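These notes concern the structure reproduced below.
All of the numbers you see were taken from the coordinates with simple rules; none came from a lab. Treat the numbers as computed from the prediction; the structure is a model and nothing was measured. Note: ideal-geometry Cβ built from the backbone for every residue, glycine included; neighbour counts use all protein chains shown.
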Amino acid sequence: MLFQLLQTGAVAADSLSGVTEAAETVSEAASTAVQAAPAAPQQMSESLFSLFTMGGPLMWVLLALSILAIYIIGRKWWVIHQASKINPNFMNDIRDYLNEGKTKSAVTLCGKYDNPVARMVETGIHRLGRPMTDIQSAIENTGNIEVARLEKSLPLLATIAGGAPMIGFLGTVMGMVQAFFNMSKAGNNIDITLLSDGIYTAMLTTVGGLIVGIIAYFGYNWLTSKVSDLVYKMESSTMEFIDIVLNEPGEE
């Protein structure tokens, strides 16, 4: 009986020792994982940068175009957003001032708002008393200037949308030329590593060009729709102003 008890105690001691060793192994693995975790983002950033450099010098051109496209999109959105801020009671106030003959007060009201509608209406007020064709022509000229200001830089964005993929395809051709050139120099000792540089250049420039082109293309169409909406507001305000002028207001 005593022998069996001693044997059972030895087995339990061996099991406890195994559990302790397993716990120590798990603890060491967890510590190693914690130490390696901060290095993961750094390794990822290094790999992205290395992929970028493998694309060749055209990748820097595409990077510059992407920065320019994002800047144009952001800047034009802000300009259009500011120009779209139109007081809903603006035309009603203009109507009241002109019907009361307070043209100076109407001009002062227009000067308080920095948007195309206010500038077009102010131009029309300064032409009061002249033939209606002159008033309409002056307002249309001001409107054309405002639309040109809103559409400024959009042709450049459209150029980036069409040019970036072409630059990417140029990189594709250059990469394939490089790959075949390395293959011809190797002779019978062809190795896949000889082709990797050219293939990297071909694929990465294509991806980069398409990404920049997609961003610029969608940004251009989005901004164009915003400008079209604002032009519609300008035209409706112009028609409303013409209706007010037909009432022949007096002068202050």
In the neighborhood of Leu154, defined by Cβ-to-Cβ distances under 15 Å, what is the net charge if each Lys or Arg adds +1 and each Asp or Glu adds -1?
+2
Suppose the chain between Ser47 and Asp229 were pulled fully straight at 0.36 nm per residue; how much longer would it get relative to their current alpha carbon spacing?
61.1 nm
If each K or R counts +1 and each D or E counts -1, the residues other than Glu140 whose Cβ falls under 12 Å of its Cβ total -2
Residue order, fewest to most surrounding Cβ atoms within 10 angstrom, among Phe169, Phe241:
Phe169, Phe241
Dipole check, the stretch 57-252, charges on Cβ (K,R +1; D,E -1), about Cα centroid: among Leu156, Asn182, Thr224 the Cα furthest to the positive pole belongs to Asn182
To make sure I understand, if each residue's beta carbon is the centre and we count other beta carbons within 10 Å, what order do Phe218, Phe90 fall in, fewest to most?
Phe218, Phe90
Rounded FRET efficiency, nearest 0.05, which uses the C-beta distance separating Ala158 from Ile214 and R0 of 22 Å:
0.95
Can you pull the Kirkwood radius for the stretch 140-244, inverse mean 1/r over Cα pairs, to one decimal in Å?
17.1
Subtracting the Cα-Cα distance of Asn92 and Thr133 from 0.36 nm times their residue separation yields 12.4 nm
With +1 on the Cβ of every Lys and Arg and -1 on the Cβ of every Asp and Glu, the dipole magnitude of the stretch 57-252 about its Cα centre, in debye rounded to the nearest 20, is 600
List, in the order given, every pair from Lys104/Lys233; Lys85/Lys152; Lys104/Lys226; Lys102/Lys226; Lys104/Lys152 whose Cα-Cα distance in the structure shown is over 26 Å.
Lys104/Lys226; Lys102/Lys226; Lys104/Lys152
Please give the contour-minus-distance gain from Ile145 to His81: 0.36 nm per residue of separation, less the Cα-Cα distance, rounded to one decimal in nm.
21.3 nm
Here the net charge surrounding Lys233, from other residues whose Cβ is less than 14 Å away from its Cβ (Lys, Arg +1; Asp, Glu -1), is -1
